[in-house]
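The values are calculated or read from the model by the stated rules, or taken from the named source; none is laboratory data. For clarity, every value in this text was computed on a predicted model and none was experimentally measured. Quick reminder, even Gly has a Cβ in these numbers, built from the backbone with ideal geometry, and neighbours come from all protein chains shown. Just so you know, the surface numbers come from the protein's heavy atoms only, side chains and all, with ligands and any DNA or RNA stripped out. Shrake-Rupley method; radii C 1.70, N 1.55, O 1.52, S 1.80 Å.
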Amino acid sequence: MPSFSSHPKQRSDQMESGSTASRSSGDGSQRAASEALVRVRGLHFRRGEQRIFDGVDLDIPRGLVTAIMGPSGTGKTTLLKLISGQLQADAGEIEVDGQSIGSLSRSELYALRTRMGMLFQSGALLTDLDVFENVAFPLREHAKLPESVLRKLVLIKLEAVGLRGAARLMPSELSGGMARRVALARAVALDPTMIMYDEPFTGQDPISMGTLTSLIRQLNDASGLTSIVVSHDVSETAEIADHLYIIANGQIMASGSPREVAASDSAWVRQFMDGEPDGPVHYHYPAAPLEQDLLHSAVH
Amino acid sequence: MLDSIASLGRAGLAAVASLGRAHLLLIGILGGLPSMLIRPRLLVAQVYNLGVLSLLIILVSGLFVGMVLGLQGHYVLSQFGAAESLGVMVAASLVRELGPVVTALLFAGRAGSALTAEIGLMKATEQLSGLEMMAVDPVKRVLTPRFFGGLISMPLLAALFSAVGVIGGWFVGVGLLGVDDGAFWGQMQSKIDFNEDVLNGVIKSLIFGLVVTWIALFEGYDTSPTSTGVSRATTRTVVHAALAVLGLDFVLTALMFGG
């Protein structure tokens with residue numbers, strides 16, 4: 001397992017500020033806004049005819065693990081792409097570390113991205129480079145370090161994710177969990193301020209899932225990162241998150257600490273958190289009555 | 001009726017928008033030239049991938065095309081008692097037309113389709129987004145070296161195609177059909193003009209290289225990031241590149257040799 005040092009006091013302070021961030025009125029919200037690394041206000045976004053976000057406001061508190069959860073297809077990954085400037089919002093404001101994403105030039109956006117890391121769902125490793133070169137890639141592009149220093153840095157990053165021994169393997173030789181750990185080592189290679197995880201637990205076996213869960217939490221605490229985890233794996237995400245947002249239908253359906261959200265009396269939130277097959281979100285896709293379909297020869 | 005007109009209009013708008021995106025991409029690719037020159041190993045790797053790895057199909061095809069030209073040329077020329085002009089006919093056909101055109105068609109099939117599939121898969125597996133998130137411009141880092149790799153490889157491949165084709169024509173004409181060796185090479189030397197024939201052929205192959213590589217990169221970069229999308233983009237590359245090469249060949253031939 002990785003050997004990150006943890007700072008319990010720092011975490012406890014951050015947790016306190018995180019719970020403040022979840023409050024929505026008075027001094028609490030002002031404090032949260034000033035401590036937010038990412039501020040989203042009045043976000044509107046459509047993809048074709050489909051409305052993805054309809055006036056979303058949220059804050060990502062600095063130094064905490066914030067989870068964005070929701071059913072598949074609700075725009076969780078889209079939100080990460082909007083925060084990182086890969087997509088442009090139709091309306092609204094997104095600020096990262098005080099910089100408005102929409103008003104940045106390309107070079108300013110790239111400068112900001114050197115302080116962001118992102119773990120893609122697929123890992124997104126460059127398939128023509130081995131593990132070592134994948135982790136070294138951002139350092140070679142931006143840090144201009146002597147080869148001996150670069151080698152040590154890469155090995156340290158790989159050691160942190162337990163894959164120093166796999167340095168010379170190609171991405172095609174890695175399991176899904178290993179590929180995500182390599183991608184994680186690459187994402188933190190430049191020591192970013194913030195890291196975004198896009199569905200990090202999807203398709204992982206229990207051991208890989210446990211490893212990734214620990215890595216995300218420990219990386220956040222040891223490196224003083226701000227983490228955004230996008231996921232629909234309720235238990236794993238709630239386990240490591242300091243703050244949760246649940247989004248659906250273009251809106252924030254619930255927010256707060258995992259305990260607060262778990263105690264929510266909203267039927268919709270209850271269905272999502274407990275994984276009930278039917279409820280406010282129906283099991284059946286809207287359709288004509290079954291008898292009508294079965295008794296008619298042609299279905300229109 | 002109105003629906004047909006509307007769908008025709010939509011298709012026209014989509015085609016114009018696609019052409020606009022292709023030109024913007026080309027500007028972006030050209031803008032990556034300075035950063036590519038700082039790291040020439042990226043270019044060398046692509047000249048190897050696109051050029052060296054295409055050598056086998058180009059050389060074998062060139063040899064057979066030259067041999068067929070030798071056979072057909074001898075059949076026609078011998079009817080007019082001009083079999084000694086076989087060398088000129090073979091060389092002129094190759095350096096002016098068949099070298100650049102057939103090489104470009106083969107290049108589109110071999111290297112162009114590979115480029116589209118590679119870029120399309122990089123998009124589908126989020127490698128291009130990953131580069132963006134590492135503050136690395138994928139157009140400059142990935143597309144620019146491939147574009148110039150194609151641009152450099154095509155004229156070299158066309159030259160090799162023509163050279164091997166001439167050898168194929170010589171083998172059939174002189175070796176098998178008894179054309180005089182001295183006349184074959186002598187007439188070729190005296191009648192083939194460097195500027196008129198060879199240089200125009202090189203210009204053609206450069207333009208074909210630009211067009212084929214541009215189409216291949218655009219189709220890969222603009223593809224829908226799914227297996228179906230990549231498959232369709234690869235097919236489009238071969239079809240569009242082949243049509244563009246043949247159409248451009250007529251225009252260029254008219255401009256260069258049309259009088």
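Observations, loosely collected:
- Being part of a strand (DSSP E or B), acidic (Asp, Glu), away from chain B (no Cβ under 14 Å) and open to solvent by 40 Å² or more (accessible area, probe 1.4 Å) is a property that does not hold for A:GLU159.
- Matching option when the condition is under 30 Å from A:ALA187 (Cα atoms), among the aromatic types (Phe, Trp, Tyr) and in a helix (DSSP H, G or I), among B:PHE147, B:PHE64: B:PHE147
- Conditions (1) within 14 Å of another protein chain (Cβ to nearest Cβ); (2) basic (Lys, Arg); (3) outside any helix (DSSP H, G or I): number failed by A:ARG168: (1)
- Boolean, B:SER224 is small (Gly, Ala, Ser) and closer than 25 Å to B:ILE167 by Cβ: no
- Restricting segment B:82-107 to residues that are over 23 Å from B:PHE250 (Cα atoms) and surrounded by fewer than 24 Cβ atoms within 10 Å (Cβ to Cβ), the residue that is nearest to the other protein chains (Cβ to nearest Cβ) is B:SER85.
- Some residue of segment A:213-229 being touching a residue at least 12 places away in the same chain (Cβ under 8 Å), among the charged types (D, E, K, R), surrounded by fewer than 22 Cβ atoms within 10 Å (Cβ to Cβ) and not in a loop (DSSP other than H, G, I, E, B): yes
- Subset of segment A:187-212 (residues that are more than 14 Å from every other protein chain (Cβ to nearest Cβ), open to solvent by 30 Å² or more (accessible area, probe 1.4 Å) and under 16 Å from A:ALA124 (Cα atoms)): A:GLY203
- Count of segment B:212-250 residues which are of a type in the set (Val, Ile, Thr), part of a helix (DSSP H, G or I) and open to solvent by 20 Å² or more (accessible area, probe 1.4 Å): 6
- Selection of segment B:167-182 for residues being open to solvent by 20 Å² or more (accessible area, probe 1.4 Å) and hydrophobic (A, V, I, L, M, F, W, C) yields B:ILE167, B:TRP170, B:PHE171, B:VAL174, B:LEU176, B:LEU177.
- Any hit, segment B:29-43, residues being touching a helix residue (DSSP H, G or I) at 6+ places or on another chain (Cβ under 7 Å), in contact (Cβ under 8 Å) with a residue 12 or more places away in the chain, hydroxyl-bearing (Ser, Thr, Tyr) and under 28 Å from B:LEU199 (Cβ atoms): no
- When B:GLY87, B:GLY109 are screened for being assigned to a helix (DSSP H, G or I) and within 26 Å of B:VAL52 (Cβ to Cβ), only B:GLY109 passes.
- Residue in segment B:65-72 that is over 18 Å from B:LEU106 (Cα atoms) and open to solvent by 90 Å² or more (accessible area, probe 1.4 Å) present: yes
- Residue among B:ARG110, B:ARG141 that alone is surrounded by fewer than 24 Cβ atoms within 10 Å (Cβ to Cβ) and within 11 Å of chain A (Cβ to nearest Cβ): B:ARG141
- Index of the failed condition, B:GLY150 passing every other in (1) within 21 Å of B:VAL230 (Cβ to Cβ); (2) open to solvent by 20 Å² or more (accessible area, probe 1.4 Å); (3) not aliphatic (A, V, I, L, M): (2)
- Strands (runs of 3 or more DSSP E) within segment A:62-145 that include 2 or more residues under 20 Å from the mean Cα position of the chain (by Cα), crowded, with 23+ Cβ neighbours inside 10 Å and within 8 Å of chain B (Cβ to nearest Cβ): A:116-119
- Here B:SER129 clears all of (1) without any contact (Cβ under 8 Å) to a residue 24 or more places away in the chain; (2) within 20 Å of B:LEU30 (Cα to Cα); (3) polar (S, T, N, Q) except the condition numbered (2).
- Residues (open to solvent by 10 Å² or more (accessible area, probe 1.4 Å), closer than 21 Å to B:LEU33 by Cβ and assigned to a helix (DSSP H, G or I)) located in segment B:129-138: B:GLU132
- Among the residues of segment B:29-43, the one identified as outside any helix (DSSP H, G or I) and surrounded by fewer than 19 Cβ atoms within 10 Å (Cβ to Cβ) is B:ARG39.
- Here A:LEU184 fulfils each of the conditions (1) under 27 Å from A:ARG39 (Cα atoms); (2) at the interface with another protein chain (Cβ under 9 Å from one of its Cβ atoms); (3) part of a helix (DSSP H, G or I) apart from (2).
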